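Quick notes on the structure that follows.
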Amino acid sequence: MYQNGSSASDHPALSAFEDVDFSTAEARDVVVIGTGPAGWTAALYTARADLNPLIFMGPEPGGQLTTTTDVENYPGFPEGLLGPEMMDRFQEQAERFGTESRYGTVTHVDFRERPYRLLIDEETPVYAQTVILSTGASARYLGLENEQRLIGKGVSACATCDGSFFRGETVAVVGGGDSAMEESTFLTKFADKVYVIHRRGELRASKIMQERAFENDAIEFVWNTEVIDVLGEHAVEGIEVVNNDTGETRVMDDVTGFFLAIGHTPNTEPFEGWVDMDEKNYIQTEADSTYTNRPGVFACGDAQDDEYRQAVTAAGTGCKAAIDAERWLSEHGRAEIPTSEAERAPVKA
């Protein structure tokens with residue numbers, strides 16, 4: 001059901017399709033939406049199954065790994081490699097087996113009935129027998145100019161990914177929830193000191209997570225404080241903060257790593273009202289599968305996983321989505337392409 005209680009036939013996104021001519025739209029067995037580790041893996045597996053997948057790059061081709069410098073925790077690469085290089089390799093391998101990749105963003109979907117209708121960049125129509133949603137999630141940042149410039153150069157939104165680069169150093173974590181406490185505690189495995197900077201005087205984290213952080217001698221809390229600038233030309237060389245009570249600003253020049261732990265936003269807006277989502281807008285799938293509540297629509301990667309958010313786990317779910325899609329298509333076959341829009345009778349959710 002759509003969020004306001006109406007049926008999918010009343011979905012507001014359908015207005016985007018009103019003046020689009022689908023009579024000459026291409027039809028594909030598999031369309032993969034998103035090109036992070038999950039999307040490229042799904043494309044690879046469906047290509048090897050001779051399903052000739054079409055994958056759309058989206059607004060951030062390669063996903064979050066394109067903002068990562070060295071990736072050292074992906075199996076099979078003992079020397080590590082750059083995040084963008086890893087995504088280039090994923091793409092090369094998927095295309096080698098027949099994946100067709102295109103730049104473009106799927107801006108609207110019509111999941112009332114198969115074959116499903118997609119709009120690329122608001123205007124280009126495509127039919128899809130099955131769809132794999134792998135649009136990922138975007139880390140939330142503070143929006144500081146230097147913060148964005150230094151992503152991958154000391155600024156990170158993933159302690160698990162980048163914590164080992166800061167052995168023996170001093171780092172700062174922004175946040176006050178469970179994620180911030182977990183990231184801070186994890187970072188003490190490597191950093192000598194971890195500042196937790198929180199804009200309020202108390203944490204939102206669960207009691208047990210707070211206790212673990214408070215008991216860790218390597219963690220120092222900086223209360224009622226916000227970061228207003230990240231310093232450094234080619235790498236983080238400190239941060240500037242302001243005390244919300246006094247208005248006093250100061251520079252913490254011992255900080256060489258700056259971690260954001262203020263949450264992620266799943267890139268699932270085009271699918272709202274079409275597939276079930278949780279309260280954070282992560283796509284919900286059936287237990288031990290990548291099936292959504294829409295027949296022939298599957299979800300994988302960080303758009304569906306708010307727990308692990310690792311390249312290797314995303315790739316694993318991409319594999320699962322491809323296998324699920326292949327089996328589902330084999331069992332249910334291909335829906336006939338309508339010769340006119342009049343043939344598309346409204347289907348209730």
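The values are calculated or read from the model by the stated rules, or taken from the named source; none is laboratory data. Quantities reported herein were computed from a predicted structural model and do not represent experimental measurements. For neighbour counting, all protein chains shown are included, and Cβ atoms are generated from backbone atoms with ideal geometry for every residue, glycine included.
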Looking only at the range 137-158, which residues are in contact with a Phe, Trp or Tyr (Cβ under 9 Å, 6 or more places away or on another chain) and over 16 Å from Asp302 (Cα atoms)? Glu147, Gln148, Leu150, Ile151, Gly154, Val155, Ser156
Picked from the range 237-283 (must be of a type in the set (Gly, Ala, Ser) and in a loop (DSSP other than H, G, I, E, B)), the residue farthest from Ala191 (Cα to Cα) is Gly273
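Identify, from the list Ser184, Ser164, the residue that is under 25 Å from Asn243 (Cβ atoms), out of contact with any Cys (no Cβ under 6 Å at 6 or more places or on another chain), in a helix (DSSP H, G or I) and not β-branched (Val, Ile, Thr).
Exactly one of Ser184, Ser164 is under 25 Å from Asn243 (Cβ atoms), out of contact with any Cys (no Cβ under 6 Å at 6 or more places or on another chain), in a helix (DSSP H, G or I) and not β-branched (Val, Ile, Thr), namely Ser184.
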Val230 fails exactly one of (1) under 29 Å from Phe90 (Cα atoms); (2) outside the structural domain of Ala49 (by TED's automatic domain parsing); (3) surrounded by 16 or more Cβ atoms within 10 Å (Cβ to Cβ), namely (1)
So is Gln310 closer than 20 Å to Asp178 by Cα, crowded, with 23+ Cβ neighbours inside 10 Å and either of a type in the set (Lys, Arg) or within 15 Å of the chain's Cα centre (by Cα) (or both) or not? no
Filter the range 246-277 down to the residues that are of a type in the set (D, E, K, R), within 28 Å of Pro59 (Cβ to Cβ) and free of Cβ contacts under 8 Å to residues at least 24 places away in the same chain, then identify the one that is surrounded by the most Cβ atoms within 10 Å (Cβ to Cβ). Asp276
Within the range 164-204, considering residues that are without any contact (Cβ under 8 Å) to a residue 60 or more places away in the chain and crowded, with 21+ Cβ neighbours inside 10 Å, the one farthest from Leu82 (Cα to Cα): Leu203
